[in-house]
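Taking it in order: structure first as C-alpha cells, then the write-up.
The values are calculated or read from the model by the stated rules, or taken from the named source; none is laboratory data. Being a predicted model, the structure only gives us computed values, none of them experimental. Please note: Cβ atoms are built from the backbone with ideal geometry, for glycine as well, and neighbour counts cover all protein chains shown.
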C-alpha cells in the first residue's frame, strides 16, 4: 500500500457561517523521480499529484502538487460552513491510487 | 535518506571534499559551485503565470522558517488577506522554488466557499534559496512575494 487512511482533523464546535480550518495528513512516499537506486536507475516518480476538497458538492480547495512537496503530505485549508454538510476529500497519486474520505461538519 | 542508500557513511560523506559535487550530481543538477543561480526555469514559469501583468506587493503573507534544519520537510503557511466573496477572491496561490531541480512546487486553488485564502503544508528544498509565491486574484491582478530560506541539509529530490 502506498497510501494509507488519512488523518483528518476538523473543529468540534462550529457556528453557522464560520470559516474553519481542516487539517489533513496522509502517508505517502512522494517519490520525486530524481533519485536513483543502487544500480543507478532512476526511481520512477510517484507522488500524490492532486488533492481536492468539496463541501456539499461545491469545490472548496484543490492542490496540484509536484515533487517539491514533502513525503506524507500535510495540508491544512479553510472552508466556510453556512450549514451542516459533508466535506469530501480525494487524494490521487501517479499510480492512479485514489483515496476518498468524507467527514460531516456539524453546525451546533 | 539517499546517503544510506548510496552505501556511504554519512559523516565521511559530509567531510569529503567531493561531497558537494557528488550531491549535485545525485540531484541531477549542473555541477560548478553555483549554489544560488542554478536555473530551473522558475522565472519563465512566473512570467507565464503573470502573462505580462505587473504583480503588486503586500497582502501576501508567507510564513516560513528563516533557517530550515532539514530541507526534506520545511513547514509553510501562505495566506492572502481577502474577503473571499464572489467578486473579490483569491483564485490560486502558486509556490515556486528557485533552487530545486523543478521550479513549480505546488498550485493551490480556492473558491469563495473556501472562506479564507490560506494553506499550510510542508515542502522540500534542495538548498538555500528564495521561495517565490504568486497569488492570482479574481479581478485579474496578481500579488507576488519572495522569501529566502536557508537550508542546512538539503532535501534530496525537490
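Against the definition (in contact (Cβ under 8 Å) with a residue 12 or more places away in the chain and under 10 Å from the mean Cα position of the chain (by Cα)), how does residue A:52 come out, yes or no?
Taking the combined requirement at face value, the residue satisfies it.
I'd like to know if the stretch B:55-69 contains one or more residues that are facing chain A (nearest Cβ under 10 Å), under 28 Å from residue A:45 (Cβ atoms) and either crowded, with 18+ Cβ neighbours inside 10 Å or at pLDDT below 95 (or both).
No, there is no match, as no residue in the stretch B:55-69 is facing chain A (nearest Cβ under 10 Å), under 28 Å from residue A:45 (Cβ atoms) and either crowded, with 18+ Cβ neighbours inside 10 Å or at pLDDT below 95 (or both).
Which one is surrounded by the fewest Cβ atoms within 10 Å (Cβ to Cβ) among residues in the stretch B:79-93 that are in contact with a helix residue (DSSP H, G or I) (Cβ under 6 Å, 6 or more places away or on another chain) and closer than 17 Å to residue B:61 by Cα?
Only one residue tops the list, namely B:89.
Would you point out the residue of the stretch B:122-137, among those that are at the interface with chain A (Cβ under 7 Å from one of its Cβ atoms) and in a strand (DSSP E or B), that is surrounded by the fewest Cβ atoms within 10 Å (Cβ to Cβ)?
Across the stretch B:122-137, the extreme among qualifying residues is B:122.
Can you tell me which residue in the stretch B:109-139 is nearest to residue B:98 (Cα to Cα), limited to those that are out of contact with any strand residue (DSSP E or B) (no Cβ under 7 Å at 6 or more places or on another chain) and at pLDDT below 95?
Only one residue tops the list, namely B:126.
Sort out which residues of the stretch A:72-90 are surrounded by fewer than 19 Cβ atoms within 10 Å (Cβ to Cβ) and either within 8 Å of another protein chain (Cβ to nearest Cβ) or under 22 Å from residue B:131 (Cα atoms) (or both), and write them in order of number.
Matches in the stretch A:72-90: A:72, A:74, A:76, A:80.
Starting from residues that are in contact with a strand residue (DSSP E or B) (Cβ under 6 Å, 6 or more places away or on another chain) and either part of a loop (DSSP other than H, G, I, E, B) or not assigned by TED's automatic domain parsing to the domain that holds residue B:126 (or both), keep the ones in the stretch B:60-83 and report whichever is nearest to residue A:60 (Cα to Cα).
B:82
State yes or no: is residue B:119 assigned to a strand (DSSP E or B), closer than 30 Å to residue B:52 by Cβ and within 7 Å of chain A (Cβ to nearest Cβ)?
yes
Identify all residues within the stretch B:83-101 that are over 17 Å from residue B:148 (Cβ atoms) and modelled with pLDDT of 95 or more; write none if there are none.
B:83, B:84, B:85, B:86, B:87, B:88, B:89, B:90, B:91, B:92, B:93, B:94
Restricting to the stretch B:98-116, give me the number of residues that are assigned to a strand (DSSP E or B) and either within 14 Å of the chain's Cα centre (by Cα) or over 18 Å from residue B:62 (Cα atoms) (or both).
5
Go through the stretch A:14-38 residue by residue and tally those that are over 18 Å from the mean Cα position of the chain (by Cα) and modelled with pLDDT under 95.
The qualifying residues number 6.
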